[in-house]
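**Student:** If you scroll down you'll find the structure; I have some questions about it.
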Amino acid sequence: CSVRVSHRAAFTPVSPMTALFPFDNSYARLPSHFFGRVAPTAVEAPRLIRLNRALAVDLGLDPDRLESPEGVEVLAGRRVPEGAEPLAAAYAGHQFGQFVPQLGDGRAILLGEVVGRDGRRDIQLKGSGPTPFSRRGDGRAALGPVLREYLVSEAMHALGIPTTRALAAVTTGERVIRETVLPGAVLTRVASSHIRVGSFQFFAARGDVEGLRSLADHAIARHDPEAARADNPYRALLDGVIRRQAELVARWLTVGFIHGVMNTDNMSIAGETIDYGPCAFLDTYDPATAFSSIDRNGRYAYGNQPRIALWNLTRLAEALLPLLSEDETQAVAEAEAALTGFAGQFEAAYHGGLNRKLGLATTRDGDPALAGDLLKTMAENEADFTLTFRRLGEAVPGPDGESDPAAVEAVRSLFIDPTALDRWAEGWRRRLKDEAGDAAARRQMMRAANPAFIPRNHRVEEMITAAVERQDFAPFETLLTVLARPYDDQPDFAQYAERPEGGGRGYRTFCGT
């Protein structure tokens, strides 16, 4: 898979005084069959939509230079910066349960890695042209999916959920062909790495144990350096990935996030949310919700995400078997023991998150049932997920044991049968009496666990329509402003907290590829 590809335009290296990106490219130093070396395809007329200046500073980059004409050309793939070693990574993956032995970066090119205050980060262009893995695709991205990923990934970061980040979005001045002709764009994505479960599957499927070992050693050095000191470093690597994924998916559920396409090639071993294709957020609570137009059987529905995460991790464990032990029986035992830990880690993270959403600082045996009863009542009454928990925090009983009547009514109004909530709330209030601390502290805890603002699907669609059809980026900027402070009351933007008419039922998302 080590391929050099030339495209229709010549590339101009950035002329440095100091390098635009201080690259140190560890992945490019791996064996040549890990990737195809390929430069981005130059675009006609790049224009900056937005630069994430705060992230640039965190990465040790100069935001003013990135916003300059020279910097925008780099962010669009028109120029290759000094020190970059552009490549498209090879990987395999299970897509909707079906194994594909070679996928790879079909429309993404890793420019290189920088070391900032938060450690080593990949700088990758998405939508920057064909690669050796494009499979007859154009390698381009349309404007809508680029804006969706920028917006939602930054919203997830503000919500406190591990995620890839968006450094910049640019338009290309060119058109891409999908179902219709659409404006093209490029996203600059930042990640702890782009190593996926499918990266390990690529080598395992070929029986390439040395390639598998090289990748695992690289992953340990980058993500689990303490694993190198373990008796079995590869088991420690597997344990780390399982823990990170269990905690990540639990956090998805606590904010109502649906990834939409949890294929093994979309699961990062770094424990970051990656690849925001047909993602969406719950409005009306229903665990069977699946928004993706290609998920016809609900494989990746909201409530299925923990089960699918474990399924994906089982595929990772299978790929790592040759490294876990030379004895096949012992290797299987190591894999099974590691996978057994997922359920407890997920449950602890998930129920801990639900407890915080309910204002419970301690854990009691009946807490999962209490939370489960609320979720069941919400589903039966078509209550909004985000608003129910947010408003519940305002209905916390005061020192006299009474709640503000207006706050109580605000929660009740979300339920078809408000008396169903009343019955549940009796048990919740009894449970709160067992907790130390005052009502103000409890209310503050719940505010910190229950966002007021999420990327409401109808607002995201309105933003995309304005940008694509009218080249109006004001709704994009407004949403970014609102979603940067999801846990704060923002009276000037109160309408962005409201759910759509009909509770969001029937909404569909599309991959954008």
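Any read-out appearing in this document is the output of simple, stated calculations on the displayed coordinates, not a laboratory observation. What you see is a predicted model, and the numbers here were worked out from it, not measured in a lab. Ideal geometry is used to build each Cβ from the backbone, glycine not excepted, and the neighbour counts take in all protein chains shown.
**Student:** How would you rank 167-177, 400-410, highest first, on the average number of other Cβ atoms within 10 Å across their residues?
**Tutor:** Sorting 167-177, 400-410 by mean packing, highest first, produces 167-177, 400-410.
**Student:** I've got another one for you. Would you work out the charge dipole size for segment 122-224 about its Cα centre, treating the Cβ of every Lys and Arg as +1 and the Cβ of every Asp and Glu as -1, and quote it to the nearest 20 debye?
**Tutor:** Dipole size: approximately 260 debye.
**Student:** Subtract the Cα-Cα distance of E380 and A54 from 0.36 nm times their separation in residues, and report this length gain in nm to one decimal.
**Tutor:** That pair, E380 and A54, stretches by 113.1 nm at full extension.
**Student:** List the trypsin sites (Lys or Arg not before Pro) in segment 42-122 that DSSP assigns to loop (not H, G, I, E or B) and whose Cβ has at most 15 other Cβ atoms within 10 Å. Which are they?
**Tutor:** Hits after loop and neighbour filter: R117.
**Student:** Continuing with the same structure: Just to be sure I understand the rule: take each whole DSSP H helix in the chain, project its Cα atoms onto its long axis, keep it if the span is 18 Å or more and its mean Kyte-Doolittle hydropathy is at least -0.5. Which ones pass?
**Tutor:** 143-159, 209-223, 233-255, 305-324, 328-357, 367-380
**Student:** Next up: How high is the FRET efficiency from R47 to D492, r the C-beta distance, R0 35 Å, rounded to 0.05?
**Tutor:** 0.75
**Student:** How big is the gap, in Å, between the Cα center of segment 62-98 and the Cα center of segment 294-352?
**Tutor:** 31 Å
**Student:** Now for a different question. Percent of Cα-Cα pairs per 10 Å bin, from 0 to the last occupied bin, for segment 430-513, please list those.
**Tutor:** 15, 35, 28, 14, 7, 1
**Student:** Would you tally the net charge around D217, using a Cβ to Cβ cut-off of less than 13 Å, leaving D217 out, and scoring K and R as +1, D and E as -1?
**Tutor:** Residues close to D217 contribute a combined charge of +1.
**Student:** Assign unit charges at the C-beta atoms only (+1 for Lys and Arg, -1 for Asp and Glu), then state the dipole size of segment 365-468 relative to its Cα centre in Debye, rounded to the nearest 20.
**Tutor:** 240 debye
**Student:** Which of A221, L30, T362 sits closest to the plus end of the dipole of the chain, meaning its Cα is farthest towards the positive end, when Lys and Arg get +1 and Asp and Glu get -1 on the C-beta?
**Tutor:** L30
**Student:** If the viscosity is 1.002 mPa s and the temperature 20 °C, what Stokes-Einstein diffusion coefficient in µm²/s follows for segment 391-467 when Rh is the Kirkwood radius over Cα pairs?
**Tutor:** In µm²/s, the coefficient rounds to 149.
**Student:** Hey, which aspartates and glutamates would be in cross-link range of K126, C-alpha to C-alpha under 13 Å, not counting anything within fewer than 8 residues on its own chain?
**Tutor:** Straight-line reach from K126, under 13 Å: D105, D138, E149, D275.
**Student:** Next up: Of the options I123, G60, V100, report the single residue whose Cα projects farthest towards the positive end of the charge dipole of segment 37-156 (beta-carbon charges: Lys, Arg +1; Asp, Glu -1).
**Tutor:** V100
**Student:** Moving on. Just to confirm the filter: which trypsin sites (Lys or Arg not before Pro) across segment 250-326 are DSSP coil and have at most 13 other Cβ within 10 angstrom of their Cβ?
**Tutor:** R296
**Student:** Can you compute the helix-only [θ] at 222 nm over the chain? Use -39500 (n - 2.57) per DSSP H run of at least 4 residues, normalise by all residues, nearest 500 deg cm²/dmol.
**Tutor:** Helix contribution divided over all residues of the chain: -13500 deg cm²/dmol.
**Student:** When a/c is below 1.5 the answer is rounded, else prolate if a/b is larger than b/c, else oblate, so apply that to segment 246-362 with a ≥ b ≥ c taken from the square roots of the Cα gyration tensor eigenvalues.
**Tutor:** Taking the square roots of the gyration eigenvalues as a ≥ b ≥ c, segment 246-362 is oblate.
**Student:** Got a sec? Charge dipole of segment 244-322, +1 on Cβ for Lys and Arg, -1 for Asp and Glu; which of T254, L310, T273 is way out at the positive end?
**Tutor:** Toward the positive end, the furthest listed residue is L310.
**Student:** Another question about this same structure. If I compute P(r) over Cα pairs in 20 Å bins from 0, in percent from the structure I just sent, which labelled value in (i) 22, 53, 23, 1; (ii) 22, 58, 19, 0; (iii) 20, 49, 26, 5, 1, 0 lines up?
**Tutor:** Step by step, P(r) over Cα pairs in 20 Å bins from 0, in percent for this structure corresponds to label (i).
**Student:** Suppose every K and R has +1 on its Cβ and every D and E has -1 on its Cβ; what is the size of the dipole of the chain about the Cα centre, in Debye to the nearest 20?
**Tutor:** It comes to approximately 1000 debye.
**Student:** Additional query: Mind jotting down the three principal axis lengths of segment 312-385 based on Cα atoms? Whole angstrom, largest first.
**Tutor:** Principal-axis extents of the Cα atoms in segment 312-385, largest first: 53, 28, 15 Å.
**Student:** Here's another thing I want to ask about it. Can you tell me which lysines have their Cα less than 18 Å from the Cα of K433? Leave out same-chain residues fewer than eight positions away.
**Tutor:** Straight-distance partners of K433: K357.
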